[in-house]
Amino acid sequence: MNKVAVVSGGSRGIGYGIARKLQEKGYTVYIIGVKNRTESELSSKKYSGMNYINLDITDYASVKNNFKEIYEKHARLDVLINSAGIVDDKKIKFMTVNSWNSVVGTNLNGVFWAIKCASNYMINNREGVILNISSVASKKAVNGQSNYASSKAGVEALTRVAALELAQYNIRVNSISPGYIDTDMLSNVIGIKEIIDTIPLNRLGRVEDIAELAAFLISEKSGYITGQNFIIDGGVTL
Ligand code: NDP
């Protein structure tokens with residue numbers, strides 16, 4: 001199988017877990033990260049067999065050029081995972097232009113640029129799967145997350161419109177809304193123990209929990225599902 005997958009945010013956390021899963025299933029995997037990584041880091045076991053692309057997902061021209069290169073090399077682009085995301089919590093009173101723009105720019109605009117560029121190539125081949133990583137923050141209000149929650153609600157709305165527009169080309173688009181998942185993103189959150197007390201299943205989610213659901217939503221087994229959002233949160237939004 002020579003299918004090709006691109007995973008934004010594939011250098012760490014949830015995106016990395018999904019990228020590994022895709023690699024196990026035989027995909028040629030491209031992972032996107034914003035950090036400039038050294039050769040020795042990229043040749044380490046962690047990234048073995050993966051192709052790293054260093055780009056800022058908010059930069060449309062760069063997304064466009066890199067996706068074009070991938071398509072020109074393989075003549076296909078089968079799967080797009082949009083997992084790149086950031087948080088920068090501030091209450092509305094203290095929200096800065098930079099905090100608003102960087103969070104919405106990465107989490108929402110970045111997803112849009114990637115969908116716009118990848119879907120062009122998927123349309124050529126009349127086949128594709130797009131999976132966006134949203135968040136339960138789109139549903140559950142948390143102090144300081146006006147920028148993050150808005151970006152994720154936007155991702156879910158975008159998922160529905162993209163699914164509607166692309167269904168005629170045999171392209172499915174879905175999203176996953178994780179609860180609290182044990183990645184670097186949680187490392188700056190104060191009071192993790194108190195947070196765990198609010199989770200009915202009484203633990204943080206694991207990257208593997210999300211990767212398993214992602215694998216199903218990418219596979220043929222979910223071939224009749226499109227435009228949907230799937231919450232996976234240990235019951236935190238119940
Ligand atoms: P991490 O902080 O572990 O990883 C973030 C990833 O996004 C990294 O690969 C990072 O690249 C990449 N990234 C950030 N900004 C850019 C950018 N401008 N251009 C390209 N890549 C970028 O996050 P998680 O894995 O935890 O989160 C993944 C997704 O899941 C996010 O969308 C997040 O909002 C969502 N999510 C996470 C939850 C959690 O509890 N962890 C809960 C709900 C949703 P680099 O390594 O180069 O910095």
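The values are calculated or read from the model by the stated rules, or taken from the named source; none is laboratory data. Since the structure is predicted, the reported quantities are computational estimates derived from the model, not experimental observations. Cβ atoms come from the backbone with ideal geometry, glycine included; neighbour counts cover every protein chain shown.
The table below lists the values:
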{"quantity": "Condition met for Phe216 (out of contact with any His (no Cβ under 8 Å at 6 or more places or on another chain), part of a helix (DSSP H, G or I), within 20 Å of Gly17 (Cα to Cα) and at pLDDT 95 or above)", "calculated": "yes"}
{"quantity": "Asp209 vs. criteria near the ligand (Cβ under 10 Å from one of its atoms), farther than 14 Å from Val236 by Cα and under 17 Å from the mean Cα position of the chain (by Cα)", "calculated": "no"}
{"quantity": "Residues located in the stretch 2-23, provided they are aliphatic (A, V, I, L, M) and either within 18 Å of Trp113 (Cβ to Cβ) or away from the ligand (no atom under 14 Å from the Cβ) (or both)", "calculated": "Val4, Ala5, Val6, Val7, Leu22"}
{"quantity": "So Ile92, is it among the aliphatic types (A, V, I, L, M), at pLDDT 95 or above, out of contact with any strand residue (DSSP E or B) (no Cβ under 6 Å at 6 or more places or on another chain) and surrounded by fewer than 16 Cβ atoms within 10 Å (Cβ to Cβ)", "calculated": "yes"}
{"quantity": "Residue list for the stretch 149-169, filter: buried (at least 22 other Cβ atoms within 10 Å of the Cβ) and either more than 10 Å from the ligand (Cβ to nearest atom) or without any contact (Cβ under 8 Å) to a residue 12 or more places away in the chain (or both)", "calculated": "Thr159, Ala162"}
{"quantity": "Any hit, the stretch 122-130, residues being within 24 Å of Arg20 (Cβ to Cβ), within 11 Å of the ligand (Cβ to nearest atom) and modelled with pLDDT of 95 or more", "calculated": "no"}
{"quantity": "Any hit, the stretch 170-187, residues being surrounded by 13 or more Cβ atoms within 10 Å (Cβ to Cβ), at pLDDT below 95 and either part of a helix (DSSP H, G or I) or of a type in the set (A, V, I, L, M, F, W, C) (or both)", "calculated": "yes"}
{"quantity": "Filtered residues of the stretch 1-29 (kept if more than 13 Å from the chain's Cα centre (by Cα) and surrounded by 13 or more Cβ atoms within 10 Å (Cβ to Cβ))", "calculated": "Lys3, Val4, Arg20, Lys21, Leu22, Gln23, Lys25, Tyr27, Thr28, Val29"}
